[in-house]
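Please treat every number below as a calculation from the coordinates, not as lab data. Owing to the predicted nature of the structure, the values given are computational and were not obtained by experimental measurement. Cβ coordinates were reconstructed from backbone atoms using ideal geometry, including for glycine residues, and neighbour counts include every protein chain displayed.
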């Protein structure tokens, strides 16, 4: 399949990895990886914690050199890398930081001024000098300098920054907002390949929606590590799965990848079973005829075959990791209550007059736009922030457990991971700690690491686990899914769904919210609105409200003659619809091509077996099927290429 795809893309390959290998100490991360990425592709890089996803991104970015193999890209092509964390704070303002993305423009402007000076002070300018001036001016015009400020505004506001914050020094922003600024600079710099390591970690839902749209429409190549299923489904058309020291491609979105991987695992298990059966048969033959002179040559031949025999490697089944956390004591029916509650910071009110009742067994999701006050409301519920007005009440026998991003910094750095868990766990629960730590990403010798040497993500996971072990019956969780891979999210989700107490949480992971929530409270315009049901039901209710508002618009607005701007917008909308339809068709053809290639590979394998066993008549019959399938595959390639060209043309028209 990969060979055929390469033949299709031809010289369009932007990134080419050949035989790339990497290991740390005695541990091999990946070996012999051959991988090719075409311009404009959006690829999700998936795999468990520790398999080497970040290492692979850093190798592509030339920060690390592989131990074996080579990486090639066209000369002059640029990569841009966004790490998970660790951005050095800058002394610049937010706007000045965004301007750094246009370093090429600034350099070209300076060069143009130098050439202009030389021309102005030359009696008879050299033609070569004039040509250099013209070329530099042309390069500068290609950057569309007049669009620079609008682009900065679009990206910064899209990522959640207010216009009034553009002049603030970056050092005044929190670490999460500094990461957003770093992401903005990378997006604005428009490298040929964007390498994004968990870009959604510090983004709220609105910013994730904007970023998904930006990346989907961006003509650049994107390779990203991400643990948000919904975000991946909206952005990528290809998934690269790093597992068992190799990289496997699935030319589909995340949901398609899950389905295709399941089929692939079933096929691998079936192949392994057939191989083991054949291996046992050959061994029985050898044992039976080992000492028979007439069979000596056959026995020796089969012994040699067995020496070369290689079983397919089957990944360990992921399965469902059932995690049990200590059962809490039962609280009263009324857990937390706010009456006429108001809170803010100085002269800036965040919410006022809020009434909220949290009842035992609620799994309540707090939602709202960035800055609406979700974290403030959570801190008030936890008793960490005093009210400016109104009252807060706790119910009978309530034991609160509060997780916030700062919780990771409160861990004792001198303790090991295992000791940190032991301090919180009940004595009877300690035998289960190793398994629970493994489910949260701490396996083997990792449990003996000191907390002080852990990364920010590891500390966050450990702080969350320590909280769960402390047996609260009311969990207040502010963005608990940050820094968790998909398996760990599933572990946490399963544990919280079985939890016998109450959960109030803020999350920006749509899948997690929908799977956990039984009630949604929206914060906005300094007040709250309560919606029973899960997150998908909340979205449905919101969409119905918007439809109702649209229906109430005055009829005369519908009959106004469209302005030129509106006509242009309508044209662009139609082009976008045609492009989406073409993209859907391209995806279907991509899947059809992959299926045909798989069938062709099976036929070729069958022919090889038939010929090797002397069954030439049957092989000839199979060859007819092979020829027909090859013809169908070529037609699929041709149709796919036509649709891709149509998409490219529509994208060009849409940008006019």
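How long is the gain from residue 416 to residue 357 if the chain were fully straight, where each residue apart is worth 0.36 nm and the alpha carbon distance is subtracted? Numbers along the way, then the final one.
Details: separation 59, 0.36 × 59 = 21.24 nm, distance 3.93 nm.
This chain segment gains 17.3 nm when fully extended.
Where both partners of a DSSP beta bridge lie in the chain, what percent of those bridges are antiparallel, to the nearest 5? Intermediate values should be presented prior to the final figure.
On the way: 37 of 69 bridges.
If I count the DSSP bridges inside the chain, around 55 percent turn out antiparallel.
Given a Förster distance of 25 angstrom, what is the FRET efficiency for residue 585 paired with residue 267, based on the Cβ-Cβ distance and rounded to 0.05?
Values: r = 27 Å, r/R0 = 1.09.
Once rounded, the FRET efficiency stands at 0.35.
Taking 0.36 nm per intervening residue step and subtracting the Cα-Cα distance, what contour gain separates residue 427 from residue 78 on full extension? Write down the numbers at each step before the final one.
On the way: separation 349, 0.36 × 349 = 125.64 nm, distance 5.50 nm.
Computed gain between residue 427 and residue 78 is 120.1 nm.
According to a simple spin-label model (label point 7 Å from Cα along Cα-to-Cβ), what is the distance in nm between residue 309 and residue 104?
In this crude label model, residue 104 to residue 309 measures out at 5.7 nm.
What FRET efficiency comes out for residue 216 versus residue 111 if R0 is 56 angstrom and r is the Cβ-Cβ distance? Round to the nearest 0.05.
Working: r = 35 Å, r/R0 = 0.62.
The formula returns an efficiency of 0.95 here.
I need the peptides 111-122, 528-539 ranked by packing, meaning the mean over residues of other C-beta atoms within 10 angstrom, with the highest value on top.
Most protected by this proxy first, the peptides run 528-539, 111-122.
For the stretch 334-548, compute the orientation-averaged projected area of the C-alpha convex hull (one quarter of its surface), in nm². Working shown, then result.
Working: hull surface 51.2 nm².
One quarter of the hull surface, i.e. the mean projection, equals 12.8 nm².
With a 10 Å radius around each residue's Cβ, average the other Cβ atoms per peptide and rank 55-65, 181-191, 501-511, highest first. Intermediate results must be reported in sequence, preceding the final value.
Working: 55-65: 17.9, 181-191: 20.8, 501-511: 23.0.
Descending packing order for the listed peptides: 501-511, 181-191, 55-65.
Between residue 609 and residue 283, what FRET efficiency comes out of the Förster formula 1/(1 + (r/R0)^6) with R0 = 22 Å and r the beta carbon distance, rounded to 0.05? Don't skip to the answer; put the middle values down first.
Working: r = 21 Å, r/R0 = 0.94.
Rounded to the nearest 0.05, the efficiency is 0.60.
Normalised by the residues of the chain, what does the relative contact order come to in percent, with Cα pairs under 8 Å and at least six apart? Show your work: numbers first, answer last.
Details: 951 pairs, mean separation 78.7, N = 656.
With pairs under 8 Å counted, the relative contact order is 12 percent.
Could you give the distance between the Cα centres of the stretch 243-309 and the stretch 512-552, to the whole Å?
Spelled out, the Cα-based centre of one part sits 53 Å from the other.
For n ≥ 4 DSSP H runs only, could you compute -39500 (n - 2.57) per run for the chain, divide by its residues and tell me the 222 nm figure to the nearest 500? Show your work: numbers first, answer last.
Details: 21 runs with 318 residues, N = 656.
My calculation for the chain gives -16000 deg cm²/dmol from helical runs alone.
Output the peptides 300-310, 405-415 sorted from most to least packed, where packing is the average of other Cβ atoms within 10 Å over each peptide's residues. Spell out each step's value before the answer.
On the way: 300-310: 10.8, 405-415: 14.4.
Packing proxy ranking, top to bottom: 405-415, 300-310.
What whole-number distance in Å separates the alpha-carbon centres of the stretch 175-225 and the stretch 423-498?
28 Å
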